[in-house]
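A.B. asks: This is the structure I have questions about; it appears just below.
The values are calculated or read from the model by the stated rules, or taken from the named source; none is laboratory data. Computed from a predicted structure; not experimentally measured. As a convention, Cβ positions derive from the backbone with ideal geometry for all residues, glycine included, and neighbour counts pool all protein chains shown. Note: areas computed on protein heavy atoms with side chains; ligands, DNA, RNA excluded. Shrake-Rupley method; radii C 1.70, N 1.55, O 1.52, S 1.80 Å.
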Amino acid sequence: MNLLNPKLEKYAHLDEKSRNLMLKTIEFFEKKGKQKILKDDHDKVWYADFLEFVKKEKAFAILMTPSGYGASDSRWDSNRIMAFNEILGFYGLCYWYTWQVSMLGVGPIWISKNETIKKKTAKLLEDGEIFAFGLSEKEHGADLIGSDMMLIPNGDGTYKASGDKFYIGNGNKAAIVSTFGKMSDTGEFVFFGVNSQHEKYELKPNIVTSQNYVAEFELHDYPITEDDIISKGRAAWDTSLATIAFCKFNLGWGSVGICTHAFYEALNHASHRRLFNQYVTDFTHIKQIFMDCFTRLTAMKLFSMRATDYMRTASATDKRYLLFNPMEKMKVTTQGEEVVIGLWDVIAAKGVNKDAYFELAIRDIQMLPRLEGTVHVNMILIMKFMQNYFFKSDDSLPAIPRVYDTKDDTYLFNQGATTKGFDKIVFHDYKKAYDLYQLPNIEVFKKQIEKFKEFLEKAAPSKEQSADLGYMLTVGEIFTLVAYGQLILESASLEKTNDDLVDQIFDFLIRDFSKFATQLYSKPSSTPVQQEICLRMLQKPVPNEERFHRIYKDQLLTLADTYEMNA
């Protein structure tokens, strides 16, 4: 596995049509050039040129039309969708954002049983239109139960919609805004589609200062027919959560893209800068920072590739993706913050220069953990799987290969109630992944895992501690590290990743484990037994200077000057 280098990447694992689209997208941004991208960002220019490219190349139509609704080769293929996410994140989060909120907009429609609006959506995608997801409200945020948007029956089979939505990306131009609300007469939930250009749709001023248009809008007796109804009742509720479930996966891959571009820029700068008669990259502490950033970024991508495999093979009998999906949103994006902040410590003031991509990265990397549900919301979801993950493994579950098949990931539109049945979701034994390698740091990490299991068996959180979200979030961080490491190892094995690099990845994972164990020890409510086990979780990586310097010299420094964006 290699970090994305747009000037070298061939996308050999994709079919010709998908490969050509990725390469044309890269060409669009490289031809536009870094200075124009930065100027558009500083001037907050609506990205009409990018959307014109999308229309000309039918990019959104190719990537977001499932089979049966567009061209004969249409499919919803998470593998190429993630490749596109990485590219857009690499060049600028604003481009990623208009794509992301369009996907949120079409998600409820593809889940719907309304064939009329599905066919309409396919045609609009073909025409190069964009979409929006009308969920949040000013007073209620993403509290769906509190929604004040109302659909009012007229008594003749038609309706009128009234109410306000807030923080709606693409709300200024969307051909269809998939809007969540309630039926005024029954109180049941409903999804319906509206057009942002309609006279009964009042667009209010942009609520953010960026190239994106994040709208507040109000519907004033907007006319709705049955053809505009996406879903009703329980189906509308499930549709909203299912859409968020597969769309929030995009955030991790966007973070990988941002970090990769920032890494190249920081390394290029540092490797040419001499201070106190030596290159910045020769300082001992800088070497350690670069190594941590490089291994964290490599781990982010290895995990993301493997989590995509589980997304693509999900089914009614295999829902392991429901753990790895919120981890992609929560863990990968927070790791992205650590990478960019670490790189910023290397390049310092250069990071806020107006001619540096890094300036965008510093701002944008902080957005991703906080979109499509906060880190805390996703951690609460992750913790629902902890007991089954550790204590109820099922080895009858199929081994998942690397999934590069050109297939339609149709299960994502048939997830059903994603908030039910967590206690029935089981996982294969995580130890299988950890036994793939006999490396020093992995052996240390396995000891930490065993102590954490002992914690759960002998000193499980009390009823009072379980009700303390601050306490449980730290427990969740430790659990997350175990599942994160599992998928990293599965992916590294499939990618034939160098053993030195795999062992070095677990250097930071051991330190992170010890950090969270220390936090858990320090919680005011931690009992003496819990504290004693936490102390035994504290471990340090196995030192190996030769391994460190091999990676630094042969894998990290060799990336210097291999990519620089066209001016």
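A.B. asks: Of all alpha-carbon pairs in the stretch 121-207, indicate the percentage at a distance above 16 angstrom.
C.D. replies: Everything past 16 Å amounts to 54 percent.
A.B. asks: Regarding the stretch 363-454, what whole-number volume in Å³ per residue does the convex hull of its Cα atoms give? The partial results should precede the final answer.
C.D. replies: Values: hull volume 18.4 nm³, N = 92.
Considering the Cα atoms of the stretch 363-454, their hull volume per residue is 200 Å³.
A.B. asks: Let me ask another. Can you give me the relative contact order of the chain as a percent, contacts being Cα pairs under 8 Å and 6 or more apart? Provide the component values of the computation, followed by the final result.
C.D. replies: Numbers: 936 pairs, mean separation 84.3, N = 567.
For the chain, the relative contact order is 15 percent.
A.B. asks: Let me know the shape class of the stretch 1-141, please: from the alpha-carbon gyration tensor, a ≥ b ≥ c as square roots of the eigenvalues, rounded when a/c is under 1.5, otherwise prolate if a/b is greater than b/c, or oblate.
C.D. replies: oblate
A.B. asks: Using helices alone, what [θ] at 222 nm do you get for the chain, with -39,500 (n - 2.57) per DSSP H run of 4 or more residues, divided over all residues and rounded to the nearest 500?
C.D. replies: When only DSSP H runs of four or more count, the value is -17000 deg cm²/dmol.
A.B. asks: Find the Cα radius of gyration of the chain, compare it with 2.2 N^0.38 Å by division, and give the number to two decimals. Provide the component values of the computation, followed by the final result.
C.D. replies: Numbers: Rg = 24.0 Å, N = 567, 2.2 N^0.38 = 24.5 Å.
Scaled against compact globular proteins, the figure is 0.98.
A.B. asks: So, one more: For a protection proxy built on the mean count of beta-carbon atoms within 10 angstrom, sort 292-303, 443-454 highest first, please.
C.D. replies: Output ranking for 292-303, 443-454: 292-303, 443-454.
A.B. asks: Also: Tell me the label-point distance for the pair residue 277, residue 446, using the 7 Å Cα-to-Cβ offset, in nm and rounded to one decimal.
C.D. replies: About 4.9 nm separates the two model spin labels.
A.B. asks: Distance check, please: which entries in 329/453; 120/420; 331/447; 55/407; 31/407; 55/420 exceed 30 angstrom between their Cα atoms?
C.D. replies: 120/420; 31/407; 55/420
A.B. asks: Which whole-Hz couplings ³J(HN,Hα) result when phi for each residue of the stretch 125-132 is put into the Karplus expression 6.51 cos²θ - 1.76 cosθ + 1.60, θ = phi - 60°, listed in order with x for Gly and Pro?
C.D. replies: 4, 4, 7, x, 7, 10, 9, 8
A.B. asks: In terms of modelled amide H atoms, which long-range or inter-chain residues lie less than 5 Å from the amide H of residue 385?
C.D. replies: none
A.B. asks: Another question, then. How far is the Cα center of the stretch 100-136 from the Cα center of the stretch 178-195, in Å?
C.D. replies: Comparing the Cα centres of the stretch 100-136 and the stretch 178-195, I get a distance of 16 Å.
A.B. asks: Over the stretch 283-422, what is the mean sequence separation of C-alpha contacts under 8 Å (at least six apart), divided by residue count, expressed as relative contact order in percent?
C.D. replies: Reported relative contact order: 32 percent.
A.B. asks: Under a plain spin-label model, where a point goes 7 Å from the Cα along Cα-to-Cβ, how far apart in nm are residue 185 and residue 46?
C.D. replies: 3.8
A.B. asks: Residue 34: which aspartates and glutamates have alpha carbons under 15 Å from its alpha carbon, excluding same-chain residues fewer than 8 sequence positions away?
C.D. replies: Straight-distance partners of residue 34: 43, 49, 265, 355, 359, 564.
A.B. asks: Name the residues of the stretch 354-381 whose amide N is less than 20 Å from a point 7 angstrom out from the Cα of residue 564 along the C-beta direction?
C.D. replies: 354-361
A.B. asks: A further question follows. What percentage of the solvent-accessible surface of the stretch 137-296, computed with a 1.4 Å probe over protein heavy atoms, is contributed by carbon and sulfur atoms?
C.D. replies: On the way: 3130 of 6080 Å².
Roughly 51 percent, rounded to a whole number.
A.B. asks: Once the principal axes of the Cα atoms of the stretch 373-531 are found, what is the range along each, listed largest first in whole angstroms?
C.D. replies: 52, 42, 29
A.B. asks: Would you calculate the volume per residue, in Å³, of the smallest convex hull containing every Cα atom of the stretch 116-157?
C.D. replies: Dividing the Cα hull volume of the stretch 116-157 by its residues yields 123 Å³.
A.B. asks: Compute for the stretch 242-323: radius of gyration divided by Kirkwood radius, i.e. Rg/Rh, restricted to C-alpha atoms, rounded to two decimals.
C.D. replies: My calculation of the ratio gives 1.20.
A.B. asks: I'd like the orientation of helix 249-272 relative to the chain: the angle between its Cα long axis and the longest Cα principal axis, in ° from 0 to 90, rounded to 10.
C.D. replies: Between the helix axis and the principal axis of the chain, the angle is about 50 degrees.
A.B. asks: Another question, if that's okay. Please tell me the relative contact order of the stretch 460-544 in percent, rounded to the nearest whole number, where contacts are Cα pairs under 8 Å and at least six residues apart.
C.D. replies: 31
A.B. asks: Starting from the alpha-carbon convex hull of the stretch 17-93, give the projected area averaged over all orientations, in nm².
C.D. replies: 5.1
A.B. asks: Would you calculate the convex hull of the Cα atoms in the stretch 215-269 and tell me its volume per residue in Å³?
C.D. replies: Taking the convex hull of the Cα positions in the stretch 215-269, it is 131 Å³ per residue.
A.B. asks: Using amide H atoms built in the peptide plane, which far-off residues or other-chain residues are under 5 Å from residue 566 H to H?
C.D. replies: 34
A.B. asks: Oh, and also: Given charges of +1 on the Cβ of Lys and Arg and -1 on the Cβ of Asp and Glu, with all other atoms neutral, how large is the dipole of the stretch 317-458 about its Cα centre, in debye to the nearest 20? List each step's numbers first, then the result.
C.D. replies: Numbers: 21 positive and 21 negative charges, 71 e Å.
Its charge dipole is roughly 340 debye.
A.B. asks: While we're here: With a Förster radius of 35 Å, plug the Cβ-Cβ distance of residue 423 and residue 458 into 1/(1 + (r/R0)^6) and report the FRET value to the nearest 0.05.
C.D. replies: 0.95
A.B. asks: Give me the compactness ratio for the stretch 271-403, meaning the Cα radius of gyration over 2.2 N^0.38 Å.
C.D. replies: Dividing the Cα radius of gyration by 2.2 N^0.38 Å gives 1.35.
A.B. asks: Hey, what D do you get for the stretch 173-222 in µm²/s if you plug the Kirkwood alpha-carbon radius into Stokes-Einstein at 10 °C and 1.306 mPa s?
C.D. replies: Rounded, D is 130 µm²/s.
A.B. asks: Still on this structure, I have one more. Quote the charge dipole size of the stretch 1-101 about the Cα centre in Debye, to the nearest 20; the model charges only the Cβ of Lys and Arg (+1) and of Asp and Glu (-1).
C.D. replies: 160
A.B. asks: Considering all projection directions equally, how large on average is the shadow of the alpha-carbon convex hull of the stretch 202-300, in square nanometres?
C.D. replies: 11.1
A.B. asks: Length gain on complete extension for the stretch residue 391 to residue 119, per 0.36 nm per residue less the alpha carbon to alpha carbon distance?
C.D. replies: Full extension of this stretch gives 93.3 nm more.
A.B. asks: Between residue 355 and residue 436, what is the FRET efficiency for a Förster distance of 56 Å, r being their Cβ-Cβ separation, to the nearest 0.05?
C.D. replies: It comes to 0.80.
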